[in-house]
Amino acid sequence: MIIENRLKELGIELPTPPTPIASYTSYKIVGNLLFVSGQGPIINGQQLFTGKVGKERTAEEGYQSAKYCAYNLLAQMKKAVGDLDNIEEIVHLKGFVASADDFYGQPQVINGASDLMMEVFGDKGKHTRCALGVNVLPTDITTEVELIARIK
């Protein structure tokens, strides 16, 4: 209940975990590691951010888009392990940013997801990370983020 209380303090209500749009599973547990597939800024079926950062979207909108991806990561983790207190730590996060050719601020955009993990989990939310710029993402979403967590 510690993490659930933390979510309430932050004013976060987790969305319904989205279902995959292709031939894959939303998450997989291997030993004590939880792998969560890439999540987009789609909350309860509504796509919130589309377009490229540096063109149709600002870096701040990209940051918010990545934050919404992290809400879905949290929802998938909860679905996978039942209670977010069963997450020992966030190990790795990988973020993709649909970027204009001359946009180079991918790390700052993906901070939207990283910052949320650290707000929710504290020191256990610190993780290794990769932030990549890509030409296009599925359904024209602005960001996509996946993660690996260690479970208790």
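Below is a table of values for the structure above.
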item	result
Cα convex hull of the chain - mean projected area over all directions, nm²	8.2
Lys/Arg +1, Asp/Glu -1 at C-beta; segment 1-117 dipole; positive extreme among V91, P17, I3	P17
Accessible solvent surface per residue of segment 37-90, calculated while the other protein chains remain in place, 1.4 angstrom probe, Å²	40
Exposed-loop-free span, longest in the chain, where GluC sites (Glu not before Pro) count as exposed if DSSP calls them loop and at most 15 other C-beta atoms lie within 10 Å	57-152
Area of T58 that stays accessible when all protein chains are in place (1.4 Å probe, Å², to 10)	70
Percent carbon-and-sulfur accessible area, segment 74-152, ignoring ligands, DNA and RNA, probe 1.4 Å	50
With DNA, RNA and ligands ignored, accessible area of Y24 (1.4 Å probe; Å², nearest 10)	110
Reachable lysines from K8, criterion Cα separation under 16 angstrom, eight or more residues apart if same chain	K78
Over segment 79-123: Kirkwood hydrodynamic radius from C-alpha pairwise inverse distances, Å	12.5
Trypsin sites (Lys or Arg not before Pro) within segment 19-112: DSSP coil, no more than 15 neighbouring Cβ in 10 Å	K55
Net dipole in debye of the chain [+1 Lys, Arg Cβ; -1 Asp, Glu Cβ; about Cα centre; nearest 20]	340
Antiparallel %, DSSP beta bridges [both residues in the chain], to 5	70
Choice from Q76, Q46, Q106 with maximal GNM fluctuation in the chain (Cα, 10 Å cutoff)	Q46
Listed residue (G82, L132, N32) projecting farthest to the positive dipole end of the chain, Cβ model	N32
Estimated Rh, segment 12-53: Kirkwood, alpha-carbon pairs, angstrom	12.2
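The values are calculated or read from the model by the stated rules, or taken from the named source; none is laboratory data. Since this is a predicted model, take the numbers as computed values, not measurements. Don't worry about glycine lacking a Cβ; one is built from the backbone with ideal geometry, like all the others, and counts go over all protein chains shown. In case anyone asks, the SASA skips ligands and DNA or RNA and just uses the protein heavy atoms, side chains included. Shrake-Rupley method; radii C 1.70, N 1.55, O 1.52, S 1.80 Å.
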